[in-house]
Amino acid sequence: MHEADNVGIVANDGGLPAGTVFPSGLTLREKVPQGHKVALVDLPAGTAVRRYDVTIGYAEKDIPAGSWVHERLLRMPEARSLEDLPIATVRPRAVEPLAGYTFEGYRNADGTVGTRNLLAITQSVQCVAGVTRFAVDRIRAELLPKYPNVDGVVALEHSYGCGVAIDAPDAVIPIRTLRNISLNPNFGGEVMVVSLGCEKLQPERLMPPGTIPIADQRGEPQGLDVVCLQDEGHVGFMSMVESIMKQAEVHLQRLDRRRRETVPASELVVGVQCGGSDAFSGVTANPAVGFCADLLVRAGATIMFSENTEVRDGVAQLTSRAATPEVAQDIIRELGWYDEYLKRGSVDRSANTTPGNKKGGLSNIVEKAMGSIVKSGSSAIAGVVAPGEKLNGRKGLVYTATPASDFICGTLQLAAGMNLHVFTTGRGTPYGLAEVPVIKVATRSDLARRWHDLMDVNAGTIAEGKATIEEVGWELFRLMLDVASGRKKTWAERWKLHNALVLFNPAPVT
Ligand code: CA
């Protein structure tokens, strides 16, 4: 990955046997699995082991050249202190704006643009989930055929709303997350809430007056449309279901009038993350996403990267790339808060890595982070979004501070206002979201071949020398415009695969 590195990885499918001789003369001393590291030179005990020109660990004992360098041979470095970081030191090179790229999107009254036309039904508490699901099945079967311009109906189910310490300071995070997801551009500003009645998260607390800009613009006095299951007017289960269906139809009628129109690529709000990462993530898929991120910034779009524990070891890269000292301070504040959050649970960032990451060749979180952070490309970081907050007009490259957990990261990026999601994976995951399209990028051709009807882009061609990072980056950029326009569906959409929303709740439950 860098000329100063003293390890490389085996790119070949299936790994390479002992005795393999490379053109440089290096000979493998043992069998090394695909994606795993090889010592390029002798590494005496205590040597800094370097990949991506970064120390990913120290040799626990002498490691001769040609040996397999696995996680048991490495001692992980301490996390860098959040003091004395370089602040906004990198002056990004001037780049030419990328003009002329457009997609077909749904322009909302508040200026945001949707990529799908969906009715979302917000729930104030988990208690109503079963009833809402029953009603949604009937809406799909009985109402949607009457409204052909609506792509679908989504129940925003979650586990929050009651049995929680709702006045704890950190409870603002799950509450604002749910509020802001309800306002995602794909829902056209149509908000309806199903409430139980006695829950802690009362609908007025979830959606206070003035939080639904489109309802305000329409001059709707009541502001919030709530179906409350404990209302005395409801006699029997079917009466609840019919109330939900009746209210849903009001919103479906308005959503059905939405039409796609040609909008500039600057209206894309792309959230990127990775999951089931391997040693190729930082070699193929993530660099291609990073190249594409730079294209999006040049096109005036918004691109969010996230995953606190996967940038923590690269914090100096982030603060130096911050567009202003204020942005750098926001990064330090969010990562510092997250350090404390992990400490409360008696762990640190190293709790991130999974057995699959290690099987895929990633020795520890430092190595994983260096491969993860390249998704952000090379642009200046223009802003920071706290967990559950909206972008509020921020454009360009934005750090949206979220846990790395796939479901929680996706949920928080939805709340920020993303209208398209890009997900890279090396081990493979069938991840999807019901609320926005998810484009999945495989890091290896072996995965792309086996999961041919789940992976949308194969970045493994980069490791095979069949395509360049730039070529795959452009392929992804063009696919984004097609998917955003509804001209193409992602595999997860075709199969209707989607994961649950998972709210980030750092506050206690009761
Ligand atoms: Ca993730």
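Once amide H atoms are placed 1.01 Å from N in the peptide plane, what residues at a sequence separation of 5 or more from THR402, or on another chain, have their amide H within under 5 Å of its amide H?
Amide H to amide H, under 5 Å and 5 or more residues apart or across chains, THR402 pairs with GLU307, ASN308.
Calculate one ³J(HN,Hα) per residue across segment 502-507 by plugging θ = phi - 60° into the Karplus curve 6.51 cos²θ - 1.76 cosθ + 1.60, and present them in order as whole Hz with x for glycine and proline.
Running phi through 6.51 cos²θ - 1.76 cosθ + 1.60 with θ = phi - 60° gives 10, 6, 7, 10, x, 8 Hz.
Tell me, what is a quarter of the convex hull surface for the C-alpha atoms of segment 352-503, in nm² with one decimal?
Spelled out: convex hull of the Cα atoms, projected over all directions, averaged, 9.4 nm².
Within the set of other residues whose C-beta is less than 11 Å from the C-beta of ARG75, count the net charge using Lys and Arg as +1 and Asp and Glu as -1.
-1
Quick one: which residues, 5+ away or cross-chain, put their amide H under 5 Å from the amide H of LYS31? H built at 1.01 Å from N.
Those lying under 5 Å, H to H, from LYS31 are ALA18.
Could you compute the net charge surrounding GLU249? Neighbours are other residues with a C-beta less than 11 Å from the C-beta of GLU249; K and R count +1, D and E count -1.
Summing Lys and Arg as +1 and Asp and Glu as -1 gives 0.
Could you tell me what percent of the accessible area of the chain is made up of carbon and sulfur, with a 1.4 Å probe and every protein chain present?
Carbon with sulfur: 53 percent of the solvent-accessible area.
Residue by residue, what Karplus-based ³J(HN,Hα) values in Hz, rounded to whole numbers, does segment 316-327 have, using 6.51, -1.76 and 1.60 with θ = phi - 60° and x for Gly and Pro?
These are the phi-based 3J(HN,Hα) values: 5, 4, 6, 5, 6, 8, 4, 5, 9, x, 5, 5 Hz.
Which cross-chain or sequence-distant (5 or more) residues have an amide H under 5 Å from the amide H of ALA155, H modelled 1.01 Å from N in plane?
ILE121
Output ³J(HN,Hα) for segment 352-358: one whole-Hz value per residue in order, computed from phi by the Karplus curve 6.51 cos²θ - 1.76 cosθ + 1.60 with θ = phi - 60°, and x for Gly and Pro.
5, 5, 10, x, x, 4, 5
For a 18 Å ceiling on Cα separation, which of these pairs sit above it: LYS440/LYS488; LYS146/LYS246; LYS358/LYS466; LYS200/LYS246?
In this structure, LYS358/LYS466; LYS200/LYS246 lie more than 18 Å apart at Cα.
Which of the listed residues, LEU119, GLY19, GLY388, is farthest toward the dipole's positive end in the chain, when Lys, Arg count +1 and Asp, Glu count -1 at the beta-carbon?
After comparing all options, I get GLY19.
In square angstrom, what is the accessible area per residue of the chain with a 1.4 angstrom probe?
40
Against the 2.2 N^0.38 Å scaling, with N counting residues, where does the chain land? I'd like the Cα-based Rg ratio to two decimal places.
Taking the Cα Rg and dividing by 2.2 N^0.38 Å, one obtains 1.02.
The values are calculated or read from the model by the stated rules, or taken from the named source; none is laboratory data. In this text the structure is predicted, and so the values were computed from the model without any measurement. We place every Cβ from the backbone using ideal geometry, glycine too, and count neighbours over all the protein chains shown. Note: areas computed on protein heavy atoms with side chains; ligands, DNA, RNA excluded. Shrake-Rupley method; radii C 1.70, N 1.55, O 1.52, S 1.80 Å.
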